[in-house]
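Heads up, the thing below is written out as C-alpha cells.
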Amino acid sequence: MALKMTVPNIACDGCAETITESIHTVEPDAKVDVDVKAKTVTVEAQASEESIKQAIVAAGYTVEGYQHG
C-alpha cells in the first residue's frame, strides 16, 4: 500500500532523514520517499496508515492530509 502525505513543516534534507528513520522504526522494510520541495512523504509499507502517521508525528512533524496511491 502506498500512502502519500502532506507534511508542511519539512524544511530540508535533514528533516527527510529524520522522518525516514522514524518510519523505519515502525517498519524497517518500508519504502520512504520524501520530497522536500513539495513537502510530501510517500510511504510503501505493510504497517497501518495510523502507525505511519504516528511515526511522523513522533518525529516532530505535522501530517496535514494524505491519500492512498
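The values are calculated or read from the model by the stated rules, or taken from the named source; none is laboratory data. Since the structure is predicted, the reported quantities are computational estimates derived from the model, not experimental observations. With ideal geometry, Cβ positions are generated from the backbone for all residues, glycine too; neighbour counts draw on all protein chains shown.
In the stretch 2-9, is there at least one residue being more than 15 Å from Q67 (Cα to Cα) and surrounded by 15 or more Cβ atoms within 10 Å (Cβ to Cβ)? Within the stretch 2-9, not a single residue is more than 15 Å from Q67 (Cα to Cα) and surrounded by 15 or more Cβ atoms within 10 Å (Cβ to Cβ). Residue pairs whose Cβ atoms lie under 8 Å apart, separated by 6 or more positions or on different chains, with the first residue in the stretch 3-22 and more than 14 Å from T40 (Cβ to Cβ) and the second among the small types (G, A, S) and not in a helix (DSSP H, G or I), are T18/A59; T18/G60; E21/A59; S22/A59.
Scanning the stretch 1-32 for residues that are among the basic types (K, R) and modelled with pLDDT under 95 yields a total of 0. For V63, the conditions (1) surrounded by 15 or more Cβ atoms within 10 Å (Cβ to Cβ); (2) not in a loop (DSSP other than H, G, I, E, B) are fulfilled apart from (2).
Report yes if V36 is closer than 16 Å to Q54 by Cα, modelled with pLDDT of 95 or more and hydrophobic (A, V, I, L, M, F, W, C), otherwise no. For V36, the condition - closer than 16 Å to Q54 by Cα, modelled with pLDDT of 95 or more and hydrophobic (A, V, I, L, M, F, W, C) - is not met. For the stretch 10-20, filtering for residues that are closer than 16 Å to E64 by Cα and surrounded by fewer than 16 Cβ atoms within 10 Å (Cβ to Cβ) leaves 1. Candidates in the stretch 51-60 are the residues that are of a type in the set (V, I, T) and surrounded by 17 or more Cβ atoms within 10 Å (Cβ to Cβ); of these, the one that is nearest to I19 (Cα to Cα) is I56. In the stretch 1-16, the residue that is nearest to I56 (Cα to Cα) out of those that are in a loop (DSSP other than H, G, I, E, B) and under 13 Å from the mean Cα position of the chain (by Cα) is V7. Filtering the stretch 21-50 to residues that are assigned to a helix (DSSP H, G or I), buried (at least 18 other Cβ atoms within 10 Å of the Cβ) and of a type outside the set (A, V, I, L, M, F, W, C) leaves only S22.
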